[in-house]
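Below: one structure, written as structure tokens.
The values are calculated or read from the model by the stated rules, or taken from the named source; none is laboratory data. Please read these numbers as outputs of a predicted model, since none were measured by experiment. Glycine also receives a Cβ, built like all others from the backbone with ideal geometry; neighbour counts cover every protein chain displayed. Calculation scope for accessible area: heavy atoms of the full protein, side chains included, ligands and nucleic acids excluded. Shrake-Rupley method; radii C 1.70, N 1.55, O 1.52, S 1.80 Å.
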Amino acid sequence: MPAASAGVVIIGGGVAGGLLALALRDQGAKVSVLDVAPADGSSSATAISYGALPGWPLAPTPLARLAATASQHWRELERRHGPLGWQRCSLRLQGSNPALALAARLGVLPFAQVDSARFSAGLPLVLAAAGVEHRSLQVQALAPLEGGWQLQLSDGSRCTAEQVVLAAGAHSRALWPGLPERLRRSWATVLEMARCPEVLGPTTALLPQRFARVGLERRAAALLQPAWVVDPGLVPWGASALVGQHTWIAPAAMSQAAPSPSLCAAELRQALASRPQWPVEGAVVRQAAVAFCSSGAPLVGPVAEAPGLWVFSGFSAAFSQVPVLAPWLAQRIAAPAGPAAAAQRRLQQLGVWPEGG
């Protein structure tokens, strides 16, 4: 079939690809999103995310301070484009710091959530209304052309684009193996309850004071064998709830095949056994490949030695980081020279600009 031409093609239709598409449309760019759903039928990382939006910095870094303003960006997105699942939430924190737990219960710590089930349902409507072409197709090959890129798609068609953004999370490296080594893959397993338990309610989130997942990601480069941790969270998810989060990471030199969902679910249930008020029997097991960066900072910028190819991936807290970073990357890609240069400086100051970019 002949190649269809597009301005910017974003590979990945989750929170990263979707919000970047809206930001690029704000810059007047012609945008297409290819929603590359996992070929094995597993969940996407966006779809089973907790969607937590803490209103305070979780680390003493410029990126963490910026991410603490994410709720403001979500409210503006909904004002302009329609419902995307944002809601204010009561927060209950579990951990060894009683002062922090009390502050959360008293509402001193501002907190909100983007319900990832509602987000996934609303995003296609929002993209269509914004004039973004949105298709569910696998990208089988990606190759540079003079002045652009060519994509071979799973329906047999080809697409050419002036610029391409890799926002497919853990699947990005399969399309471009030369991405920086700090972009890694983990596997997340959660349990979906059939209904929201009484201990939670539709607008309450129970979260650990510190996610063990973050520490495991930081240790990923030193792993000699697979390792896993469990975080005991409970958050609204559409009409039901997500409970627990099992994170599994293998050394970079090992096969990246998915761990057994049933084994991960058994380890998750065992870790949650001390919480009988969380009825996990009969819950649906959902597993997804997740991209992260072992350095802690995502990759937001150009891919080295590949003009016109960009990466927007590796977020440790995507629903907080993506909405504050997407406008800067969109400006760098599509804005006039002056604003584009300012956007690049800002991304470099935040520590997310790729090496050699």
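General observations
- Among beta bridges from DSSP that stay inside the chain, the antiparallel ones total about 65%.
- On a per residue basis, the stretch 34-145 carries 50 Å² of accessible surface, using protein heavy atoms and a 1.4 Å probe.
- Label-point separation in nm, residue 284 to residue 345, each point 7 Å along Cα→Cβ: 4.9
- Between 121, 67, 288, the GNM of the chain built on Cα springs shorter than 10 angstrom shows 121 fluctuating the most.
- When a 1.4 Å probe is rolled over the protein heavy atoms, the share of accessible surface on the stretch 271-357 that falls to carbon and sulfur comes to 53 percent.
- Estimated distance in nm for a label pair at residue 106 and residue 222, the labels positioned 7 Å out from Cα along Cα-to-Cβ: 3.7
- Within a Gaussian network of the chain (alpha carbon springs, distance under 10 Å), most fluctuating of 117, 250, 128: 128
- Prolate is the label for the chain, because the ratio a/c of its alpha-carbon gyration tensor axes (a ≥ b ≥ c) is 1.5 or higher and a/b is greater than b/c.
- Sequence ranges 167-173, 21-27, ranked by mean other-Cβ count within 10 angstrom, highest first: 167-173, 21-27
- For the chain, leaving out every one of the GluC sites (Glu not before Pro) that falls in a DSSP loop and has at most 15 other Cβ atoms within 10 Å, the longest unbroken run is 1-145.
- Label separation (residue 88 vs residue 239): 2.7 nm, computed from points 7 Å beyond Cα along the C-beta direction.
- Cα gyration tensor shape of the stretch 297-347, rounded if a/c is under 1.5, else prolate or oblate by comparing a/b with b/c: oblate
- Average accessible area per residue (Å²) across the stretch 147-222 - probe 1.4 Å, nucleic acids and ligands excluded: 42
- Short-range pairs are left out: with C-alpha atoms under 8 Å and at least six residues apart, the relative contact order of the stretch 19-148 is 37 percent.
- Carbon/sulfur fraction of accessible area - the stretch 26-142, other protein chains in place, 1.4 Å, %: 55
- Tensor-based shape of the stretch 75-200 (alpha-carbon gyration tensor, a/c under 1.5 rounded, otherwise prolate or oblate): prolate
- Sequence-distant residues sharing a close amide H with residue 237 (under 5 Å, placed H): 242
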